[in-house]
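A short write-up of the structure that comes next.
The values are calculated or read from the model by the stated rules, or taken from the named source; none is laboratory data. This one's a predicted model, so the numbers in the text were calculated from it and none came from an experiment. With ideal geometry, Cβ positions are generated from the backbone for all residues, glycine too; neighbour counts draw on all protein chains shown.
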Amino acid sequence: MSDNFYSYNVNDGHGLPHDPFKAIIAPRPIGWIASQSADGRANLAPYSFFNAFNAAPPIIGFASVGYKDSVSNIEQRGEFCWSLATRNLAGPMNQSSAGVPAEVDEFELAGLVKRPSRCVAVPHVAASPASMECKLTQLIQLKDVAGTPCDSWLVLGQVVAVHIQQDYLDDGTFNTAKAGSIMRAGGPGDYFSVSEQTHFFMGRPT
């Protein structure tokens, strides 16, 4: 039987037009992270290394390649907000990823209205179907297998307040397909969205 796998050692390089790592670990929800500098300047940026890591208490987190404004702000203020990126917000979300100086407010750059938070000073995206207010629990610089620090930072935060637009609650359940959540997957610039057509249900074995 022939071996039809394309295999490579990471240290030797992948030898492909694009690194397949992020295309394989997919789809990845988008960490649309709002933060605020010590002097009150708002910042908004999307991160594709994002997910939920605990349910009780709820903890979410994202990783930043490079010590960027979001990480600096969160380390200073100890809080941030996450807003759900959706198909109809894809344009503004992408605009908020622009590499601009720290003094630029990406909410304004992307034409987004800020909505005040309840438990943190950082605002969130008013147009997003769902947002979460978070307080920093851990800020970790990642290390490789040899213990050498990477230029990547893992930010974990405990969710202290949640905001859901009521149009997206069906019988008390958040309707992910109706919200049109988008995720990173595939090659550079590729996104996918959640739709009712891709939905299926599986109950847990008893």
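Checking each residue in region 57-97 for being of a type in the set (A, V, I, L, M, F, W, C) and either modelled with pLDDT under 95 or closer than 22 Å to Thr176 by Cβ (or both) picks out Ile59, Ile60, Phe62, Cys81, Trp82, Leu84, Ala85, Leu89, Ala90, Met93. Residues in region 36-51 that are of a type outside the set (Phe, Trp, Tyr) and under 13 Å from the mean Cα position of the chain (by Cα) were compared, and the one that is surrounded by the most Cβ atoms within 10 Å (Cβ to Cβ) is Leu44. If you go through region 144-169 and pick out every residue that is among the hydrophobic types (A, V, I, L, M, F, W, C) and in contact (Cβ under 8 Å) with a residue 12 or more places away in the chain, you end up with 9.
Selection of first residues in region 181-196 that are farther than 15 Å from Tyr47 by Cβ and in contact (Cβ under 8 Å) with a residue 12 or more places away in the chain and of second residues that are loosely packed, with under 13 Cβ neighbours inside 10 Å and not charged (D, E, K, R), restricted to Cβ pairs under 8 Å at least 6 apart or on distinct chains, gives the following pairs, ordered by first then second residue: Gly187/His18; Pro188/His18. Looking only at residues in region 168-206 that are of a type in the set (Phe, Trp, Tyr) and not in a strand (DSSP E or B), the one that is modelled with the highest pLDDT is Tyr168.
Among the residues of region 122-163, just one is surrounded by fewer than 18 Cβ atoms within 10 Å (Cβ to Cβ), touching a helix residue (DSSP H, G or I) at 6+ places or on another chain (Cβ under 7 Å) and farther than 17 Å from Ala63 by Cα, namely Ala127. Filtering region 32-63 down to residues that are in contact with a Ser or Thr (Cβ under 6 Å, 6 or more places away or on another chain) and among the polar types (S, T, N, Q), which residue is farthest from Lys135 (Cα to Cα)? Within region 32-63, the match that is farthest from Lys135 (Cα to Cα) is Asn43. Checking region 52-67 against the condition returns a match, with at least one residue being closer than 20 Å to Pro27 by Cα, touching a Pro at 6+ places or on another chain (Cβ under 9 Å) and either surrounded by fewer than 14 Cβ atoms within 10 Å (Cβ to Cβ) or aromatic (Phe, Trp, Tyr) (or both). Here the helices (runs of 4 or more DSSP H) wholly within region 1-115 that include at least 1 residues being among the small types (Gly, Ala, Ser) are 21-24, 69-77, 90-95. Taking every residue in region 89-115 that is touching a residue at least 24 places away in the same chain (Cβ under 8 Å) and pairing it with any residue that is assigned to a helix (DSSP H, G or I), at least 6 positions away or on another chain, the pairs with Cβ-Cβ distances below 6 Å are Ser96/Glu106; Ala102/Asp69; Ala110/Pro92; Ala110/Gln95; Leu112/Pro92; Lys114/Phe107. In region 164-195, the qualifying residues are those that are among the hydrophobic types (A, V, I, L, M, F, W, C) and over 30 Å from Leu16 (Cβ atoms), and the one that is surrounded by the most Cβ atoms within 10 Å (Cβ to Cβ) is Ala179.
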